[in-house]
1. Please list 3J(HN,Hα) in residue order for region 173-184, calculated via the Karplus relation 6.51 cos²θ - 1.76 cosθ + 1.60 where θ = phi - 60°; whole Hz, with x for glycine and proline.
2. Contour minus end-to-end for LEU198 and ASN67, with contour as 0.36 nm per residue of separation and end-to-end as the Cα-Cα distance?
3. Check GLY170: other-chain or 5+ apart residues with amide H under 5 Å from its amide H, H built from backbone geometry?
4. If you place +1 on the Cβ of every Lys and Arg, -1 on the Cβ of every Asp and Glu, and leave all else neutral, what size is the dipole of the chain about its Cα centre, to the nearest 20 Debye?
5. Can you pull the one-decimal nm distance between simple spin-label points at HIS77 and SER141, each 7 Å off the Cα toward Cβ?
6. Of GLU100, GLU222, GLU158, how do they rank once you tally other Cβ atoms within 10 Å and put the fewest first?
7. Can you list the equivalent-ellipsoid semi-axes of region 196-244, largest first and in whole Å, using the square root of 5 times each Cα gyration tensor eigenvalue?
8. Non-local amide H neighbours of ARG36 (under 5 Å, H modeled in plane, Pro and chain starts lacking H): which ones?
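Read the figures in this text as sums done on the coordinates, not as results from a lab. Note that the coordinates shown come from a computational prediction; the quantities given were computed from them, not determined experimentally. Cβ atoms come from the backbone with ideal geometry, glycine included; neighbour counts cover every protein chain shown.
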Amino acid sequence: MRGSPTRHTLKAAWLTMAVAAACAVLFPHSAHAGDRLLATWGVSQVEGAAGGGLTPWAVIAGSGSSNQVGGSAFVTHSKTNDGYDLKVAGAAVGIRDRVELSMARWSFKLSPQVQPDKSIEMNSVGVKVKVVGDAVYDQDSWVPQVSVGAQYKVNNDEALLNLFKVDSDGVDFYASATKLWLGAAGGYNVLANLTLRLTKANQFGLMGFGGVGHTHRKLMAEGSLGLMLRDDLVVGAEYRQKPNNLEDTAATLKEQAAWDVFVAWFPTRQLSLTAAWLNLGNIVGKPDQQGLYLSGQVSF
């Protein structure tokens with residue numbers, strides 16, 4: 001489906017913002033949200049969901065507890081060794097630590113060696129629902145917190161979509177399981193997350209969706225592992241598989257998994273800063289694309 005992607009995205013974005021505004025009106029007492037333990041809401045994932053930088057977790061955005069509404073807003077910037085430049089901005093609202101609505105806007109500037117002064121724009125809107133468990137408080141149970149979600153993404157670059165014969169939009173469906181073990185590693189808290197995603201997005205959606213002979217979603221695995229050195233400081237690593245839909249079109253478009261190592265600092269309950277070394281693998285014939293990833297988030 002290549003028609004009017006911007007119009008569809010704007011409708012979804014307005015719906016997300018309308019629900020967030022309604023929550024603020026219906027639950028005005030939740031403006032002081034912030035009863036959850038520091039850092040247990042994670043940071044902002046690049047598609048807007050709460051979690052790590054690369055992958056969503058089962059946690060819900062914002063610091064609000066089960067009788068509160070919380071939220072977050074973030075900006076992210078990353079630049080690779082060959083000059084690819086990614087900027088992302090977004091926001092999310094968490095309703096009673098049960099439902100999350102999110103949105104993000106991507107601007108991806110291509111390497112000058114590929115095409116000078118060319119940027120690809122993409123929009124993402126998402127929803128996540130906690131199904132069972134609590135990542136933090138169910139310490140006497142092996143059951144993790146489990147959430148299911150969906151992310152609708154739209155690529156606005158018609159020339160690219162026509163060149164590679166790919167779709168302009170797609171929906172990723174995922175399930176995440178997250179568990180925090182208090183004092184599990186020499187007295188330090190340990191967090192682990194596993195996400196299974198059904199997707200046909202190429203390079204997260206920046207190269208469109210699907211491809212010739214690849215019209216169905218594929219199951220991809222994502223994972224995060226973090227160690228809380230202090231209540232306000234987390235170090236860890238992430239891994240995210242990506243489908244390889246375009247290799248039949250051109251060998252230079254072979255896609256590889258992404259990974260990072262990160263440190264996230266929560267100097268206050270309202271602010272977090274994340275720095276990571278990010279490796280995206282091959283991007284349009286440029287192998288081993290890696291570089292510094294920086295992200296800032298405000299939460300309530």
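1. 10, 8, 10, 10, 10, 10, 9, 10, 9, 6, x, 6
2. That works out to 44.0 nm of additional length.
3. LYS153
4. Dipole about the Cα centre, nearest 20: 440 debye.
5. About 4.3 nm separates the two model spin labels.
6. On the way: GLU100 28, GLU222 25, GLU158 12.
Exposure proxy ranking, most exposed first: GLU158, GLU222, GLU100.
7. On the way: eigenvalues 203, 20, 9 Å².
Over the Cα atoms of region 196-244, the semi-axes work out to 32, 10, 7 Å.
8. Distant-sequence amide H within range of ARG36: SER65.
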